[in-house]
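As structure tokens, the structure follows; a few thoughts come after it.
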Amino acid sequence: MSSSPTLIFMVIFFLESLAAMLQNGFMVTVLGGEWVRRRTLPAGDMIVASLAASRFCLHGVAILNNLLIFFGFHFVKDYYNTLWHFVNTLTLWLTAWLAVFYCVKVAVFSHPVFFWLKWRISRLVPRLLLGSLVLVGLTVISSAIVTGILKQMIASRSSQGNSTWAERVQAFYRSFHLFDVMLMWSVPFLLFLVSMLLLVFSLCRHLGLMRNYRQDPCDPSTRVHTMALKSLVFFLVFYTSYFLSLVVVAIEITNFQSHWYWAWEVVTYASICLHSSMLVLSSPKLRKVLMTRLWKALDKG
């Protein structure tokens, strides 16, 4: 029987994941529908729609995996790890490109490279999205093939009684897997981190100039920039915690017992759930559609 803390964390995790799937499904429906109807979409909305689709799949895979493990179907672990690694890595790359896009579009710097990016970024977005999908797919497939070969070698040598050689291959497999995961996660996270810090720095500088020229802190423009800065810092902290939680699990710093496992799942997926809410509320297009549908639902009720 599961203990009370385990059941509480399980319920929180599933409610959190279902809420995130509803939010991301809503974004995919609205932006994807517009993309299909008009056969085009603004570059920023392209990234948001792709990110929402990947996060919808990420939460779906996490729910399915945890349900199967809870009911004792541990044999699906290898298949799940490959699928989850693909979706999670793709989500990290798409989040990085969203941060890069906002940084280039909003931040103000005088470097020529920055001006060139500001002029070209909208046309580069479709290539970045397709390139990320291909890169992640090839990397995950090659990693799965190498993992399968190494596991067969370990099983073969173990059955022949050569345990020392099998342990060496096992150690190599762990090192290879850790290097592959850290490389594919660290590069997009560093892109995201640099872009967000540059954007925060630019907004801080702009906000300081506005306060020098306009002494009224209740000025609408100042309030807008202050809210944008707070949301950026909020997302920076939470998404960094998401990345660090992934690193903790990947390098196996600690083993989680049953109730702590579910608590860790709640903490891990909380940041991307909150960021999905921020994306919906910060987009005038999505917010307008959401309010329209809510009012229609209330009228029918």
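The values are calculated or read from the model by the stated rules, or taken from the named source; none is laboratory data. Bear in mind that the values here come from a model prediction, so they are computed numbers and not experimental data. Ligands, DNA and RNA are stripped out before the accessible areas are found, and what is left, the full protein with its side chains, is counted by its heavy atoms. Shrake-Rupley method; radii C 1.70, N 1.55, O 1.52, S 1.80 Å.
Of the residues Val113, Val200, Val146, the one with the largest accessible area comes first in the ranking Val113, Val146, Val200, computed with a 1.4 Å probe on protein heavy atoms.
Close amide H contacts of Ser283 (hydrogens built in the peptide plane, cut-off under 5 Å, sequence separation of 5 or more or a different chain): none are found.
On the range 16-112, 72 percent of the accessible area sits on carbon and sulfur atoms, based on a 1.4 Å probe. Per-residue accessible area (protein heavy atoms, 1.4 Å probe) orders Lys285, Lys300 as Lys300, Lys285, starting from the largest. When Val134, Val30 are compared by accessible area of protein heavy atoms, the largest-first order is Val134, Val30, using a 1.4 Å probe. Computed with every protein chain present, the accessible area of Ile141 is close to 100 Å² [probe 1.4 Å].
Accessible area of Asp299 (1.4 Å probe, protein heavy atoms only, ligands and nucleic acids ignored): about 120 Å².
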